[in-house]
1. In nm, to one decimal, how far is the modelled label at Val66 from the one at Leu177, with both set 7 Å along Cα→Cβ?
2. No solvent, one uniform scatterer per C-alpha: report log10 I(q)/I(0) for the range 219-296 via the Debye equation at q = 0.20 1/Å, two decimals.
3. From Cα coordinates alone, what are the radius of gyration and Dmax values for the range 54-191 in angstrom?
4. Please report the net charge: other residues with Cβ closer than 15 Å to the Cβ of Leu450, K and R +1, D and E -1.
5. In deg cm²/dmol and to the nearest 500, what is the mean residue ellipticity at 222 nm of the chain if only DSSP H runs of at least 4 residues count, each as -39500 (n - 2.57), divided by the residue total?
6. What net charge do the residues around Gln95 carry, taking every other residue with its C-beta under 12 Å from that of Gln95, with Lys and Arg at +1 and Asp and Glu at -1?
7. Let's see if you can work this out: charge +1 on each Lys and Arg Cβ, -1 on each Asp and Glu Cβ, no other charges. What is the dipole magnitude of the chain about its Cα centre, in debye to the nearest 20?
8. Tell me, what is a quarter of the convex hull surface for the C-alpha atoms of the chain, in nm² with one decimal?
Amino acid sequence: MNRTRKSGFRIVAGPQSSITGLAVWALCLALLPATAGLAATDATAALSGAGAQGVWRTVSDVCIWVLYIGIFVFLARKGRGHDAAHSGAVPFTVQAFAYVATYISTVALVGFGGLAHAYGLQMLLVAAGNVWLGTWFVYRYLAWPTRGWQLKLEARSPAQLLGRGHYSPLFGRFLALLFAVFLGVYASAVIKGAALLLTEALGLPVWLLIWIFALIVGFCVCIGGLRGVLYTEAMQGAVMLVGIVLLVGAVFYRVGGPVQGIADLAALPPDALANNGFAALSSGEAGLFILSLVFVTSVAVWAQPQMIQRHFAISSLGQLRRTTVLAMLVLTLLVGGAYFASALSRLILPEVPNPDVAMPMLVKTLLPHAGMQVFVLAVVSASLSTATALYHIAAIAMAEDLPARKVTRGTWILAIGVCILISGGCAQIKGQLIALLCTTSWSIVGATVLVPYVALVRFEKRNAGAAWCSAIAGFVTCLGWYLLVYRSTALVEPVFVTGASIPPFFPGLSVSLLGWFLGYALLPRRQPGVA
């Protein structure tokens, strides 16, 4: 049997006993109940009187899902045989779609899409922020320097990059622990969102779908490491794009085109959330909320480890420029299209029970059955693409960063198994602490990591004491603000009423920046002899 060794862990390449083959079979078995449940549901409808139309729906549904599964498995296998932390060379199209798919989750498509129904076209400011601050700025000023430092420091993960960059391996381990806990738990919210969406369509219980999704994500990451994750994420980004394009086309057709739709939307009377109308930025607290969303979703993303590691796959400045253009275009169509369509949905669905159901109701109202299935796949892809990125970072943190030794095949599989158990188990828990960790992880990780990361890769400032001061100050402030001050998540009556509406990322980042300057001024700027 032919065996090959790649850096990081040993991979068996034989066709019958390879871990890839076992994982693919397990993936198909995990997905079989979902496909069978879908077919059974539609078959029952067919036998009860739907006739030929019901049979056609059954066949089309199964074909769509089988095609999705087949492409997913093929691309997951395409990444086999590569290092868990390194991807090797990948096309710029894969990088662009993978970046967008990692960036955009179900929260953006469904949650923020619902907010666009409530707030109107002002939500397009969030889309603009994602495109220009979260993508163009990142690729223009942070991506290539990150790649340079990663090569210089021989870092295999974001935690190693920051730990070695600031002369403190212990700092890297602290960040690895942070990533393993917060991103591992955050993945539970992502897969639970997909399970809740599909439970009615497939007729399967939520708890079973949660474990199915956890296994799918785990096998994807286990099969190919970072390379496999990038390829499957690129495919999921393409599916998301198709789903949104279908929905936008249906909305434009219903409202008479984008120009007529904007005119009709502007003619609607203002309400409390769109107090300057549905085509303008609101004044007061509502407008500040939109601007805060722009900043949090477009700046906190700079320091998310799953986004940082995407830069490790860049091979040249020429490739970087092509990736930037394509990623901005795809993201514009994706989030811009989703928010635009949802804002215009107020002309179609004047009232909805709550913003979270606006997008599902719009899809159900406008799209044919096959289109609905494609959009469901788009939302599932949004969840799975984000979850694979989170699993990968959490697994690398547990298998390599925390023990401070290169990952082996055994430790990699074990770490993936732990991720599956943590995310799947936490998704079953209805607890306030779990919910808090899920809703706060993005801001907490951003407030902890952003300043030391930008200081290193953009300004080439290396200081262990300043990095520690900044990270601890940002972490404690942001988490404390969530627990004690921020009205939506405080466990007690807000202790600082004036700041109860201020998103915790802002005070967290401000105190983190102050901690960096104090640490940089008062503590040694270099620790010789520490790599």
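The values are calculated or read from the model by the stated rules, or taken from the named source; none is laboratory data. This structure is a prediction, so every number in the text was calculated from the model and none was measured. Virtual Cβ from ideal backbone geometry, glycine too; neighbours counted across all protein chains shown. Surface accessibility is based on the protein's heavy atoms, side chains included, excluding ligands, DNA and RNA. Shrake-Rupley method; radii C 1.70, N 1.55, O 1.52, S 1.80 Å.
1. Modelled inter-label distance: 5.1 nm.
2. Summing over Cα pairs of the range 219-296 leads to -0.93.
3. Rg, Dmax (Cα atoms, Å): 19.6, 64.
4. So the surrounding residues net to +2.
5. Values: 20 runs with 358 residues, N = 531.
Calculated at 222 nm, the ellipticity per residue is -23000 deg cm²/dmol.
6. Net charge in that neighbourhood comes out at +4.
7. Working: 32 positive and 15 negative charges, 438 e Å.
With only Lys, Arg, Asp and Glu charged at Cβ, the dipole is about 2100 debye.
8. Average of the hull's projected areas for the chain equals 25.3 nm².
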